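Contents: one structure, followed by commentary.
What follows draws every value from the coordinates through simple rules; no lab data is involved. Because the structure is predicted, anything quoted here is derived from the model rather than measured. Because the Cβ atoms are built from the backbone with ideal geometry, glycine has one as well, and the counts that use them run over all protein chains shown.
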Amino acid sequence: MTKFQDLGLKDELLKGIHEMGFVDAFPIQEAVIPVLLTGRDVVGQAHTGSGKTAAFALAMLQEIQPKKGIQGLVMAPTRELAMQIAGEIKKFGKYTGIRVATVYGGQGMGLQLDALHRGVEIVVATPGRLIDHLKRGSIELGDITHIVLDEADTMLDMGFIDDIQFILDLAPEDRVMSLFSATMPTTILRLSEDYLKNPKQFLLDADDLSGEGIDQAYLVIKDRDKMKYLIDFIKPVKGQIIVFCSTKYRTRDVAKFLHQEKFDTVAIEG
C-alpha cells in the first residue's frame, strides 16, 4: 500500500494528513492523485467511502496558491455534502494558507458574501447558488485552474445539468477537471465527452472499498430499546468502536449515555 509521503505531496499537506491520522493512501487516492498532478483530467466511478474527497482535495491543494484568487471549484448536489467536502479540504489544507468558502441555498447571502469578500482560493458550491453568485459578480471563474464535479449522477438526477453546463462554459478551458459518480449513465458520459479532455478513467467497485474483513449484521428493534441493545453489543468487544448516528444531536446523546455507562467516549460531529 502506498503512503501519502510517496505521492509527491508538499510538507504542509503531509502535516495536515498526519494530524488527521492517515498514513496509507486508499486505492483511489493512490491512483488519482498522481494523474491529477500531471494535469490530466479524471473520471472516477466511486462510491461514498472510497476516499475520493481526499483524492481530489489533496491534488487541488497541492497546486493552488494562496492569495491568487479563486482557483479551485467543487460542485456537489446538496448543502450537506458541500459542507462535508469543505470541512475535509480545510483539514487537509490546514497548514497551506488556502482558504475555503461554501456556498449553497438555504443560507443567507450575507454570510457567504462576507466570506468571499475576505478572500478565498477554493469554493465548494451547489450549482444553483453558485449561479446566483456568478450573476451578481461575487464569484468569478477567470482564475479557475481546478474543477471537481462530485456525485455527478445525483446532480443530474436533481435536474442540475443545465446549471452545470452554464457554469462550465464560463470557466477557462485550460483547467484540470475531475468528475466522480457512483453510476455512469449516458448523460454523465456525454458530459464527460463535452467538457473533459482525454480523461483517465478509474473504476472503483464497492468490493474495492476498505470494508474487507469486516463482519456485518443488523438488528430490527424498537427505538426505545436501542441503548440497551447497544450496550449489550459493545460490552464484549475488545478494542475501539465507532458508532454512527443520524444527526449531530443524536451523536451527542449517545456519547453522553455511553460515558455514563463508564465507556471512554468522544463525540465527533460537524
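Values for this structure:
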quantity: Extended-chain gain in nm, criterion 0.36 nm per residue less alpha-carbon gap, Glu63 and Val220; calculated: 51.7 nm
quantity: Value of D in µm² per second that Stokes-Einstein yields for the stretch 137-270, Kirkwood Rh from Cα pairs, at 37 °C (0.692 mPa s); calculated: 169
quantity: Kirkwood Rh and Cα Rg combined as Rg over Rh, evaluated for the stretch 47-130; calculated: 0.95
quantity: Semi-axis lengths (Å, descending) of the ellipsoid that matches the C-alpha gyration tensor of the stretch 38-197; calculated: 22, 18, 15
quantity: Relative intensity, log₁₀ I(q)/I(0), of the stretch 146-203 from a Debye sum that treats every alpha carbon as a point, q = 0.12, 0.28 Å⁻¹; calculated: -0.25, -1.46
quantity: Total charge dipole magnitude, the chain, about the Cα centre, Cβ charges on Lys, Arg, Asp, Glu only, Debye to nearest 20; calculated: 1060
quantity: Ranked Thr126, Thr183, Thr38, Thr265, criterion: other C-beta atoms within 10 Å, fewest first; calculated: Thr38, Thr183, Thr265, Thr126
quantity: GNM top mover of Arg136, Arg79, Arg175 - the chain, alpha-carbon springs below 10 Å; calculated: Arg136
quantity: Where N is the number of residues in the stretch 111-155, Cα Rg divided by 2.2 N^0.38 Å; calculated: 1.20
quantity: Stokes-Einstein D for the chain, Kirkwood Rh over Cα pairs, 10 °C, 1.306 mPa s (µm²/s); calculated: 79
quantity: Cα-Cα separations in the stretch 1-104 greater than 24 Å, expressed as whole percent; calculated: 17
quantity: Residue of Ile144, Ile161, Ile221 that the Gaussian network model of the chain assigns the largest fluctuation, springs spanning Cα pairs under 10 Å; calculated: Ile221
quantity: For the chain, built as a Gaussian network whose Cα springs stay under 10 Å, the top-fluctuating residue of Leu36, Leu170, Leu141; calculated: Leu170
quantity: Among the listed pairs Lys90/Lys235; Lys94/Lys197; Lys15/Lys67; Lys222/Lys256, those beyond 24 Å (Cα-Cα); calculated: Lys90/Lys235; Lys94/Lys197
quantity: Relative contact order (%) - the stretch 4-208, alpha-carbon pairs under 8 angstrom, separation at least six; calculated: 29
quantity: Length released on extending from Thr265 to Asp162, taking residue separation times 0.36 nm less the Cα-Cα span; calculated: 32.5 nm
quantity: Förster radius 30 Å - calculated FRET efficiency between Glu193 and Met109, Cβ distance, rounded to 0.05; calculated: 0.30
